[in-house]
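Enquirer: Quick one: structure below, then a few questions.
The values are calculated or read from the model by the stated rules, or taken from the named source; none is laboratory data. Treat the numbers as computed from the prediction; the structure is a model and nothing was measured. No Cβ is skipped: glycine too gets one built from the backbone with ideal geometry, and neighbour counts run over all protein chains shown.
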Amino acid sequence: MKRLRIPPDLLSWLGLLPFLAFALFPFYWGLVTSFKADSNLYDLTRNPLWISHLDGRTGKPYHKDIIVPASYREGPIEWREKLGDHLLRSDSEQHPKPLAVIDGQEILSPVDGKLLRIDVAQGAIAHPNEQIGDIEVENPTLSHYRFLTQTPFYRWMKVSLLTGLAVVFITLLISVPAAYSLARLRFRGNRAIGIAIFLTYLIPPTILFIPFSQLVGALHIDNTIWSLILSYPTFTIPFCTWLLMGFFRGVPREIEERALLDGATRMQMLRLVVIPVVLPGILTAGIFAFTLSFQEYVYALTFISSTANRTLPVGISVEMVRGDVYFWGPLMASAILGSLPVVIVYGLSLNYFISGMTTGATK
Amino acid sequence: MADVVLDKVVKKFGEAEVVAGIDLTVRDLEFCILVGPSGCGKTTTLRMIAGLEEVTSGDIRIAGQSVTWTPPRDRDIAMVFQSYALYPHMTVRKNLSFALELHKVARAEIDRRIAEVAQIIGLTPLLDRKPRQLSGGQRQRVAVGAALVRQAGVLLFDEPLSNLDAKLRVHMRTELKRLHQAVKSTMVYVTHDQIEAMTMGDRIVIMNGGRIVQVGTAMEVYDHPTSRFVAGFIGTPPMNFFEGEIGNGSLALQGGVQLPFLREGAKPGRKITFGIRPEHIYLRTRENTGRVPATIEVVEPLGHRTILTARCAAGVLQLEAEAMPGLKPGDAADLFFDLPRAHLFDQATECVL
């Protein structure tokens, strides 16, 4: 009798699948949403997890009526676009082109799509509230991504990136020596300080932001990027120090001793032997510091009030939600674009994470 | 010239005295072995010579210079660690050149020395590998090589063979001994393995409880142990010990075993420990032997010899017989103790009589 053998590859994929589904589902949904035209997005008859070209109620492609706004005067219509011409959603353009003009008043396209039908012929009189044509909606669409160019999105991205990099720099500058001292050097109060550092990390930022905002005000750095660069290390340094302590403890003591015997001073030993060996750890700490500050919300919301200086998470959630209206498309588009820097940083350093540099040092 | 002198060296960790005042002179170019059970202070002693542990009191001199407070890098010593301590992020070549570069040795000289050492210990094909790509034995060689290129006056070894498998260990033992003849360095070698100690060293320093208990060549400490500890520590299988008392012209061992007493001058009634090595117990009578009836319990043939475990009235003992003694477990046999080669130790002081 032949026994059914499950290939080990298949087995590990089966084990991974629930995790992948759980971890990747939000990204997937966000990605799908960011490419969906609004008509499809708000069509409740359609599967929300997939992009559909056809309207669930009519079975035909999504379309958008072109109606003269009620506030317009009536007048002769001058079509600027022909049947079948491709239209771009006007609020995603710096200088939107009108698809038609009625007595000097511009008719703009509310969606990406194709001019499907013209109801009021060139030169005929168009009235307010009258349907003058129809647009076939383009789906999927890049309009949400283009819309971001009309918001301070890239400005927020720059603020977030700059803050993140500055915080990483400050954090590593302070955490690396601190972690080494706590992990390796013997001195009084060594353990107590280690535990105290860990405890500071446990204080939630939601408690700290009130005294911090006083401090930020006193230093006159409110509403500037410096308020974030100086306050984020208060949680990244304890976390990274704690993390790095583990990495430094993992360095075999003998290789430090050998370096000393080999003629190195303590600083040379650190620079030439210890730091290179814990480089994966330092990189990990740096990425954590970057991620933590990149996604921070409470401080960024409180310390910065001008639209231009906001960070990405705050900017998105403040500017792309108006009252109870959520701009789902642009929200998801900015969430996807906003996670790219972190994805890129992780991707570039993945090899370091898994290299397991210390294997082979001893035994 | 690089002799190493320890002068009343003491090391305390808090209250615990790990090294309790030792005096030792390792002569220039000597291969000196520090051996003892774990916790005897041998590794701490080595680390004090290296400068990795501070000396609590006493003085250490290398080549006539006191180095007690000299940092490790200025002591002209190299060390091979038990765990090899290779730099994981550097290639073998870089591991070898690291110390030389720190000492600002000229590039050409570095290359020459690395080529030479790699040749001696068979590392040439491995020079561009990283430590993680090497086997345990190869890493061990790199560690030795990294110490050799230094051409330091003193080479320290901290149980360098204990992580190798048995076969490789025997091979490296011979190799290290050969190396010692080739390099002009004083070597101090720490081990807990008495066979390593016996086979490798010019001189063996036996330590116990933070003190040196005996110093001598392999044969000196084997044939003339000065204490019961040394007698029991050196030799495999170990020496057999029986409690007893000196009588009038006889020795009364535990269990009523009586042996003729052939030595002059010892007071009758003295409590002693009688020690005899397995190879000094025979199955046939010879001159100056004492007969002890026994029962064979275990027979362990080694090929060229056979180890017998037997029970006599005084207790269990082991002896070494010729290859095929024709005995099996349960057999009764008369054993003959070679009395002139037996050792007597005072029960109270454990010193040899």
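Enquirer: Return yes or no: is A:Leu83 in a helix (DSSP H, G or I) and either free of Cβ contacts under 8 Å to residues at least 60 places away in the same chain or of a type in the set (D, E, K, R) (or both)? Before you say what the answer is, go through the steps one by one.
Expert: Values: in a helix (DSSP H, G or I): no; either free of Cβ contacts under 8 Å to residues at least 60 places away in the same chain or of a type in the set (D, E, K, R) (or both): yes.
So A:Leu83 does not fit the description; no.
Enquirer: Here's something else I'd like to know. Give A:Leu44, A:Leu99 a once-over and let me know the one that is of a type in the set (A, V, I, L, M, F, W, C), in contact with a Gly (Cβ under 9 Å, 6 or more places away or on another chain), loosely packed, with under 10 Cβ neighbours inside 10 Å and free of Cβ contacts under 8 Å to residues at least 40 places away in the same chain. Full working, then the answer.
Expert: Working: A:Leu99 fails: loosely packed, with under 10 Cβ neighbours inside 10 Å.
Every option except A:Leu44 fails the conditions.
Enquirer: Checking the condition assigned to a helix (DSSP H, G or I) and either outside the structural domain of B:Gly39 (by TED's automatic domain parsing) or within 18 Å of B:Val92 (Cβ to Cβ) (or both), which residue from B:Arg141, B:Arg178 passes? Write out each step before concluding.
Expert: Working: B:Arg178 fails: either outside the structural domain of B:Gly39 (by TED's automatic domain parsing) or within 18 Å of B:Val92 (Cβ to Cβ) (or both).
Of the residues listed, the single one that is assigned to a helix (DSSP H, G or I) and either outside the structural domain of B:Gly39 (by TED's automatic domain parsing) or within 18 Å of B:Val92 (Cβ to Cβ) (or both) is B:Arg141.
Enquirer: Away from chain A (no Cβ under 14 Å) and farther than 15 Å from B:Pro37 by Cα: does that describe B:Gln194?
Expert: Values: away from chain A (no Cβ under 14 Å): yes; farther than 15 Å from B:Pro37 by Cα: no.
No; evaluated as a whole, the condition is false for this residue.
Enquirer: Hey, can you tell me all the residues within segment A:176-207 that are loosely packed, with under 15 Cβ neighbours inside 10 Å, over 31 Å from the mean Cα position of the chain (by Cα) and over 16 Å from A:Ile237 (Cβ atoms)?
Expert: A:Leu185, A:Arg186, A:Phe187, A:Arg188, A:Gly189, A:Asn190, A:Arg191, A:Ala192, listed by residue number.
Enquirer: Would you be able to say whether some residue in segment B:73-80 is touching a residue at least 60 places away in the same chain (Cβ under 8 Å) and assigned to a loop (DSSP other than H, G, I, E, B)?
Expert: Just the residues of segment B:73-80 that are touching a residue at least 60 places away in the same chain (Cβ under 8 Å), to begin with: B:75-80.
Now restrict to residues that are assigned to a loop (DSSP other than H, G, I, E, B): B:75-76.
Yes, the conditions are met somewhere in segment B:73-80.
Enquirer: Taking segment A:276-302, which residues are within 12 Å of chain B (Cβ to nearest Cβ) and either under 20 Å from A:Leu208 (Cα atoms) or crowded, with 17+ Cβ neighbours inside 10 Å (or both)? Steps first, answer last, please.
Expert: Initially, segment A:276-302 is screened for residues within 12 Å of chain B (Cβ to nearest Cβ), giving A:276-280.
If the condition is that a residue be within 12 Å of chain B (Cβ to nearest Cβ) and either under 20 Å from A:Leu208 (Cα atoms) or crowded, with 17+ Cβ neighbours inside 10 Å (or both), then A:Val277, A:Val278, A:Pro280 are the ones that fit.
Enquirer: Looking at segment A:68-79, is at least one residue closer than 17 Å to A:Gly329 by Cβ and not aromatic (Phe, Trp, Tyr)? Please lay out each step first, then the result.
Expert: Keep residues of segment A:68-79 that are closer than 17 Å to A:Gly329 by Cβ, which gives none.
There is no residue in segment A:68-79 that is closer than 17 Å to A:Gly329 by Cβ and not aromatic (Phe, Trp, Tyr).
Enquirer: Which residue pairs have Cβ atoms closer than 9 Å, lie 6 or more positions apart in sequence or on different chains, and pair a first residue in segment B:274-291 that is of a type in the set (Gly, Ala, Ser) with a second residue that is part of a loop (DSSP other than H, G, I, E, B) and modelled with pLDDT of 90 or more?
Expert: B:Gly275/B:Pro225; B:Gly275/B:Met239; B:Gly275/B:Ala342; B:Gly290/B:Ala342
Enquirer: State whether one or more residues within segment B:100-107 are within 18 Å of A:Met269 (Cβ to Cβ) and either part of a strand (DSSP E or B) or of a type in the set (A, V, I, L, M) (or both).
Expert: Our first condition is that a residue be within 18 Å of A:Met269 (Cβ to Cβ); within segment B:100-107, this holds for B:100-104.
Next cut, either part of a strand (DSSP E or B) or of a type in the set (A, V, I, L, M) (or both) only: B:100, B:102.
Within segment B:100-107, one or more residues are within 18 Å of A:Met269 (Cβ to Cβ) and either part of a strand (DSSP E or B) or of a type in the set (A, V, I, L, M) (or both).
Enquirer: For segment A:211-264, which residues satisfy the criterion of being acidic (Asp, Glu) and modelled with pLDDT under 90?
Expert: First pass over segment A:211-264, keeping only residues acidic (Asp, Glu): A:222, A:254, A:256-257, A:262.
Scanning segment A:211-264 gives a single hit, A:Asp222.
Enquirer: Another question about this same structure. Please specify each residue of segment A:273-313 satisfying the condition of being out of contact with any helix residue (DSSP H, G or I) (no Cβ under 6 Å at 6 or more places or on another chain) and of a type in the set (Phe, Trp, Tyr).
Expert: Correct list: A:Phe288 only.
Enquirer: Further question on the same structure: Would you check which residues across segment A:250-267 are surrounded by fewer than 23 Cβ atoms within 10 Å (Cβ to Cβ), part of a helix (DSSP H, G or I) and more than 7 Å from chain B (Cβ to nearest Cβ) and list them?
Expert: A:Arg253, A:Glu256, A:Arg266, A:Met267, listed by residue number.
Enquirer: Spot the failing condition for B:Ala266; the list is (1) at pLDDT below 90; (2) crowded, with 20+ Cβ neighbours inside 10 Å; (3) under 21 Å from B:Gly247 (Cβ atoms), and only one is missed.
Expert: Status for B:Ala266: all satisfied but (2).
Enquirer: Examine segment B:122-140 for a residue that is within 14 Å of chain A (Cβ to nearest Cβ), in contact (Cβ under 8 Å) with a residue 24 or more places away in the chain and closer than 20 Å to B:Thr43 by Cα, and state whether such a residue exists.
Expert: Narrowing segment B:122-140 to residues within 14 Å of chain A (Cβ to nearest Cβ): B:126, B:129-140.
From what's left, in contact (Cβ under 8 Å) with a residue 24 or more places away in the chain: B:126, B:129-132, B:134, B:136-137, B:139-140.
When the remaining residues are screened for being closer than 20 Å to B:Thr43 by Cα, the result is B:140.
Yes; the residues of segment B:122-140 include at least one that is within 14 Å of chain A (Cβ to nearest Cβ), in contact (Cβ under 8 Å) with a residue 24 or more places away in the chain and closer than 20 Å to B:Thr43 by Cα.
Yes/no per residue for (1) in a loop (DSSP other than H, G, I, E, B); (2) among the hydroxyl-bearing types (Ser, Thr, Tyr):
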{"residue": "A:Asp9", "(1), (2)": "no, no"}
{"residue": "A:Leu20", "(1), (2)": "no, no"}
{"residue": "A:Val32", "(1), (2)": "no, no"}
{"residue": "A:Ser39", "(1), (2)": "no, yes"}
{"residue": "A:Arg46", "(1), (2)": "yes, no"}
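Enquirer: Something else about it: Scan segment B:320-336 for residues that are out of contact with any helix residue (DSSP H, G or I) (no Cβ under 7 Å at 6 or more places or on another chain) and part of a strand (DSSP E or B) and report the count.
Expert: Total satisfying the criteria: 7.
Enquirer: Within segment B:65-75, can you find the residues that are surrounded by 18 or more Cβ atoms within 10 Å (Cβ to Cβ), facing chain A (nearest Cβ under 8 Å) and of a type outside the set (D, E, K, R)?
Expert: B:Pro72, the sole residue that qualifies.
Enquirer: Of all residues in segment B:76-99, which are touching a strand residue (DSSP E or B) at 6+ places or on another chain (Cβ under 6 Å) and either facing chain A (nearest Cβ under 7 Å) or surrounded by 22 or more Cβ atoms within 10 Å (Cβ to Cβ) (or both)? Can you show your working first?
Expert: Going through segment B:76-99, the residues touching a strand residue (DSSP E or B) at 6+ places or on another chain (Cβ under 6 Å) turn out to be B:77-82.
B:Ile77, B:Ala78, B:Met79, B:Val80, B:Phe81, listed by residue number.
Enquirer: For segment A:53-71: of the residues being of a type in the set (Ser, Thr, Tyr) and surrounded by fewer than 18 Cβ atoms within 10 Å (Cβ to Cβ), which is modelled with the lowest pLDDT? Let's see the steps before the verdict.
Expert: So the first thing to find is which residues in segment A:53-71 are of a type in the set (Ser, Thr, Tyr), and the list is A:58, A:62, A:71.
Imposing the further condition that a residue be surrounded by fewer than 18 Cβ atoms within 10 Å (Cβ to Cβ) reduces the set to A:58, A:71.
Numbers: A:Thr58: 87, A:Ser71: 92.
Among those that are of a type in the set (Ser, Thr, Tyr) and surrounded by fewer than 18 Cβ atoms within 10 Å (Cβ to Cβ), it is A:Thr58.
Enquirer: Please go through (1) buried (at least 17 other Cβ atoms within 10 Å of the Cβ); (2) touching a Lys or Arg at 6+ places or on another chain (Cβ under 8 Å) for A:Pro140 and return the number of the only condition it doesn't satisfy.
Expert: (1)
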